[in-house]
Amino acid sequence: NYLDSPVDSRSLYESALTHVRASRLTDAELIYTPSQIALAAFALVAPELANQWSNSKLRTDPSTPALSVDTLQYQIDLLKSLITSVGCPPDIEAVREVDRRLKLCKNPEKIVGSAAYLAKKAEEERKAEEKRNKKANEAAAKEKDPFDQESGKVTLGLVDYDDDDDE
């Protein structure tokens, strides 16, 4: 029996986990459900136990046709072959080459500290300063002295000071 001792079950778990990690390097997550991936990883480590488990789960429901057991086994076999054939880490040099190419595709204006980034920030600050100055000048132009001391005349508001018909 596979699960006679805790050491055996722990080593089975670690081995299955290795296969699950290998499946992350494939398209398995886009094609299969997490439970199918877990079952396939377990089937790679302990095929008889995984088959026994899947049969016990599918045979308990009398409405489940026997065909679904065969279909599941076929899907698990496909997934096992995908994990074992494609699920290996990529070559480090290939990863470095892709990384170099991706660096060329980056927008230098978004890389903090680059000359293009600093120039863009300076331009944004200049535009913001111009906007603040323009707003301050407009506010100053709108703000009038209510007594208009420079020209010597009184600005008329709501009261007509030149009203002579009250006499």
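The values are calculated or read from the model by the stated rules, or taken from the named source; none is laboratory data. A quick note: this is a predicted structure, and the numbers were derived from the prediction, not measured. Every residue, glycine among them, receives a Cβ derived from its backbone with ideal geometry; neighbour counts consider all protein chains shown. What goes into the accessible areas is simple: the full protein's heavy atoms, side chains included, and nothing from ligands, DNA or RNA. Shrake-Rupley method; radii C 1.70, N 1.55, O 1.52, S 1.80 Å.
Points to keep in mind about this one:
- Residue match in segment 123-138 (condition: at pLDDT below 90 and open to solvent by less than 70 Å² (accessible area, probe 1.4 Å)): yes
- Condition check for Lys106: surrounded by 15 or more Cβ atoms within 10 Å (Cβ to Cβ) and among the charged types (D, E, K, R): no
Residue-wise test of (1) open to solvent by 70 Å² or more (accessible area, probe 1.4 Å); (2) at pLDDT 85 or above; (3) charged (D, E, K, R).
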position: Arg59; (1), (2), (3): yes, no, yes
position: Val69; (1), (2), (3): no, no, no
position: Lys80; (1), (2), (3): no, yes, yes
position: Thr84; (1), (2), (3): yes, yes, no
position: Pro89; (1), (2), (3): yes, no, no
position: Ile92; (1), (2), (3): yes, yes, no
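- Exclusive hit being assigned to a helix (DSSP H, G or I) and over 32 Å from the mean Cα position of the chain (by Cα), set Arg96, Arg101, Arg132: Arg132
A quick yes/no check of all residues on (1) in contact with a strand residue (DSSP E or B) (Cβ under 9 Å, 6 or more places away or on another chain); (2) at pLDDT 90 or above; (3) small (Gly, Ala, Ser):
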position	(1), (2), (3)
Asn1	no, no, no
Tyr13	no, yes, no
Ala16	no, yes, yes
Ile31	no, yes, no
Ala41	no, yes, yes
Val45	no, yes, no
